[in-house]
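K.L.:
This structure is in structure tokens; I'll ask about it shortly.
Coordinate-derived values only; no laboratory data. Bear in mind that the values here come from a model prediction, so they are computed numbers and not experimental data. Don't worry about glycine lacking a Cβ; one is built from the backbone with ideal geometry, like all the others, and counts go over all protein chains shown.
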Amino acid sequence: MKRALITGITGQDGAYLASLLLDKGYHVTATHRRSSAPNFWRIEHLGIRNHPNLKLLELDLIDLSSCIRIVQAAEPDEVYNLGAQTFVTYSFEQPLTTAQITGLGPMHMLEAIRLVNGRIRYYQASSAEMFGKVQAVPQSETTPFYPRSPYGVSKLFAHWMTVNYRESFGLFGCSGILFNHESPLRGLDFVTRKITDGVARIKLQNGPPVELGNLGAKRDWGFALEYVEGMWRMLQASEPDTYVLATNRTETVRDFATLSFEAAGIAVEWVGKDENERGISPVDGRELVRINPRYYRPAEVDLLKGDSTKARMKLGWKPKTTLEELCTMMVRADLARIERSLVTEKEPARDLETLVSTPHLVGAGEHERVRVLMRQP
Ligand code: NAP
Ligand code: GDD
């Protein structure tokens, strides 16, 4: 039985990756930060919280000695370092905290591996934010970096440290430069889930307009479950390397909102410019989206579009879910949550229909479990 250590199990990717590795027969040690109210809704949603091969331990990445002890205790073959302060906006408000967690945290894990067992394979969750003010379109492993936020700068430090430990100490360190990936398990701070949640509230609860910042920013959005599978593939390769995972399609935040409203059967028309731009219903003129400048960023990443040819050629990885499917999946999940009056992040409802309609995207165990649940009254 292979053993994996995952940091950041309470996050979107940590939950999906743990589920995937458990399905593959791994023993998984997964870490979360100590909290007076632990945030396990995602692993509960996936039905793995009490899995016999999942062990939950507390860890804060800013504490080197804890990282060493966790690596000793978990005795992993593979470490997936997903824990980070991940919200770009917040990184402008708390740059030092972000640097400590997102920049230095990975270095602590690398040091812990070097000290405890240099044969452990390491995955570093790098980010397309490192491309920032992009120097080429699309962005690949060879595109020069130009980060635009304390988050991006911190990720770049961690990326180069991973490369450096690979080259200096022969560590099997992989850096996955992942473009935005979303899902019904995405946090509400991020623009996609903020939109799909807002759309569902408008549809079912006559909710307020969705307030957004820069509608013109372009992102390359994929489905998170496919991206965590790519992480696993990187650590199964014969040599450690750096890979981009992306869909190679870029759309604006405005487009994502349009598709999400459409998924809920609501047409949207865009009127006005800049801060006065609004999304309105062509049927009754109702305001659906408005701009709130508080969501603008001090420095913006205008355009991300990734080229994942290398991952396709060397790992056999490619994304399957289209942006339309992703929007529909997320909107349906939010509609289902609200319909079941389970509206808080701590207690989302299971979106059974979505999971069953995407059998190729969920692990075999999860799919079977969902089918059984579907048969229940
Ligand atoms: P997420 O949902 O925000 O989850 C982040 C996780 O990191 C949470 O479990 C969080 O725990 C944990 N964490 C925060 N501070 C920590 C600390 N000091 N010590 C240990 N753990 C800590 O992020 P995600 O979307 O799953 O992303 C996973 C990783 O991929 C992150 O490193 C992110 O930067 C990177 N990434 C994500 C994307 C994307 O589009 N999703 C793209 C590129 C790269 P709490 O619950 O306690 O806060
Ligand atoms: N969050 C948010 N909220 N973003 C908004 C809003 C809003 O109300 N309105 C417009 N946006 C724009 C942002 O300015 C940005 O250009 C874009 O929507 C996407 O923002 P986020 O969803 O917050 O994601 P991100 O691209 O900044 O960062 C995500 O992807 C990175 C990989 O490219 C995060 O998951 C990072 O952790 C990840 O590394």
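K.L.:
What number in nm² do you get for the chain if you take the convex hull of its Cα atoms and divide its surface by four? All intermediate terms of the calculation are to be shown ahead of the outcome.
P.N.:
Values: hull surface 73.2 nm².
Averaging across all directions leaves 18.3 nm² for the Cα convex hull.
K.L.:
Per residue Cα convex hull volume for region 250-330, in cubic angstrom?
P.N.:
122
K.L.:
Could you tell me which of rounded, prolate or oblate describes region 1-156, using a ≥ b ≥ c as the square roots of the eigenvalues of the alpha-carbon gyration tensor, with rounded for a/c under 1.5 and, failing that, prolate when a/b is larger than b/c and oblate otherwise? Don't jump to the answer; show the numbers that get you there.
P.N.:
Values: a/c = 1.61, a/b = 1.55, b/c = 1.04.
Judged from the Cα gyration tensor, region 1-156 comes out prolate (a/c at least 1.5, a/b above b/c).
K.L.:
How much of the DSSP beta bridge set in the chain is antiparallel, as a percent to the nearest 5?
P.N.:
On the way: 8 of 44 bridges.
Antiparallel: roughly 20 percent of the beta bridges in the chain.
K.L.:
Residues of region 224-261 with the amide nitrogen closer than 11 Å to a label point 7 Å from the Cα of Lys2, along Cα-to-Cβ, please.
P.N.:
231-238, by backbone N distance to the label point.
K.L.:
For Leu56, what residues show an amide H to amide H distance below 5 Å, using hydrogens built from the backbone and excluding near sequence neighbours?
P.N.:
Ala30
K.L.:
Mind giving me the nanometre distance, one decimal, between the label points for Ala299 and Lys24, set 7 Å out from Cα along Cα→Cβ?
P.N.:
Placing both labels 7 Å beyond Cα along the Cβ direction yields 3.6 nm.
K.L.:
While we're on this one: Please pull out the direction-averaged projected area of region 158-199, using the convex hull of its alpha-carbon atoms, in nm² to one decimal place. List each step's numbers first, then the result.
P.N.:
On the way: hull surface 15.4 nm².
Taking a quarter of the hull surface, the average projection is 3.9 nm².
K.L.:
Estimate the FRET efficiency between Glu324 and Glu75 by the formula 1/(1 + (r/R0)^6), using the beta-carbon distance for r and 41 Å for R0, to the nearest 0.05. Don't jump to the answer; show the numbers that get you there.
P.N.:
Details: r = 44 Å, r/R0 = 1.06.
Plugging the Cβ-Cβ distance into 1/(1 + (r/R0)^6) gives 0.40.
K.L.:
For region 1-79, state the semi-axes of the equivalent ellipsoid (square roots of 5 times the eigenvalues of the alpha-carbon gyration tensor), sorted largest first and rounded to whole angstrom.
P.N.:
Values: eigenvalues 67, 54, 16 Å².
Value: 18, 16, 9 Å, ordered largest first.
K.L.:
Same structure, new question: For region 117-159, what does the alpha-carbon gyration tensor say about shape, rounded, prolate or oblate, given a ≥ b ≥ c as the root eigenvalues, a/c under 1.5 as rounded, and a/b over b/c as prolate? Don't skip to the end; give the middle numbers.
P.N.:
On the way: a/c = 3.55, a/b = 1.80, b/c = 1.97.
In terms of gyration-tensor shape, oblate.
K.L.:
Tell me the angle of helix 64-74 to the major Cα principal axis of the chain, expressed in degrees between 0 and 90 and rounded to the nearest ten.
P.N.:
Helix 64-74 sits at roughly 80 degrees to that axis.
K.L.:
Per the Cauchy relation, a quarter of the hull surface: what is the mean projected area of the convex hull of the alpha carbons in region 173-219, in nm²? Intermediate results must be reported in sequence, preceding the final value.
P.N.:
Working: hull surface 18.0 nm².
Average projection, Cα convex hull of region 173-219: 4.5 nm².
K.L.:
I'd like the FRET efficiency for Gln94 and Phe40, computed as 1/(1 + (r/R0)^6) with the beta carbon distance as r and R0 of 25 Å, rounded to 0.05. Don't skip to the end; give the middle numbers.
P.N.:
On the way: r = 24 Å, r/R0 = 0.98.
About 0.55, to the nearest 0.05.
K.L.:
Beta carbons within 10 angstrom, averaged per residue: use that to sort the peptides 195-204, 167-176, highest first.
P.N.:
The densest-packed peptide leads the list: 195-204, 167-176.
K.L.:
Now for a different question. Once fully extended, how much extra length lies between Arg119 and Glu211, figured as 0.36 nm per residue of separation less the alpha-carbon to alpha-carbon distance? Please list the in-between numbers first.
P.N.:
Numbers: separation 92, 0.36 × 92 = 33.12 nm, distance 4.84 nm.
Here the answer is 28.3 nm.
K.L.:
Below 8 Å, C-alpha to C-alpha, sequence gap of six or more: please give me the relative contact order for region 137-233 in percent. Walk me through the intermediate numbers first.
P.N.:
On the way: 55 pairs, mean separation 22.7, N = 97.
Relative contact order for region 137-233 comes out at 23 percent.
K.L.:
Once you keep just the Cα pairs under 8 angstrom separated by 6 or more residues, what percentage relative contact order results for region 1-109? Each step should come with its number before you reach the end.
P.N.:
Values: 168 pairs, mean separation 34.8, N = 109.
So the answer I get is 32 percent.
K.L.:
Once phi is turned into ³J(HN,Hα) by the Karplus curve 6.51 cos²θ - 1.76 cosθ + 1.60 with θ = phi - 60°, what whole-Hz value does each residue of region 22-28 show in order, with x for glycine and proline?
P.N.:
Result, rounded to whole Hz: 4, 4, 7, x, 6, 8, 10.
K.L.:
Using θ = phi - 60° and the Karplus relation 6.51 cos²θ - 1.76 cosθ + 1.60, list the HN-Hα couplings for region 327-333 in order, rounded to whole Hz, with x at every Gly or Pro.
P.N.:
3J(HN,Hα) across region 327-333, in whole Hz: 4, 4, 4, 6, 5, 4, 5.
K.L.:
Rounded to the nearest 10 degrees, what's the angle between the helix 105-116 long axis and the longest principal axis of the chain, both from Cα atoms, 0 to 90?
P.N.:
20
K.L.:
Ok, one more. Name the chymotrypsin sites (Phe, Trp or Tyr not before Pro) in region 272-330 that are in a loop by DSSP and that have at most 16 other C-beta atoms within 10 Å, would you? Present the calculation step by step, with values, prior to reporting the outcome.
P.N.:
Working: sites: Tyr295, Tyr296, Trp317; in loops: Tyr296, Trp317.
In loop regions of region 272-330 (DSSP not H, G, I, E or B), the sparsely surrounded chymotrypsin sites (Phe, Trp or Tyr not before Pro) are Tyr296.
K.L.:
Treating the angle as unsigned and between 0 and 90°, give the value, to the nearest 10°, between the Cα long axis of helix 191-205 and the longest Cα principal axis of the chain.
P.N.:
40
K.L.:
Residue by residue through region 231-246, what is 3J(HN,Hα) from phi via Karplus (6.51 cos²θ - 1.76 cosθ + 1.60, θ = phi - 60°)? Round to whole Hz and write x for glycine and proline.
P.N.:
4, 4, 4, 4, 7, 8, 5, 6, 10, x, 7, 10, 9, 8, 10, 6
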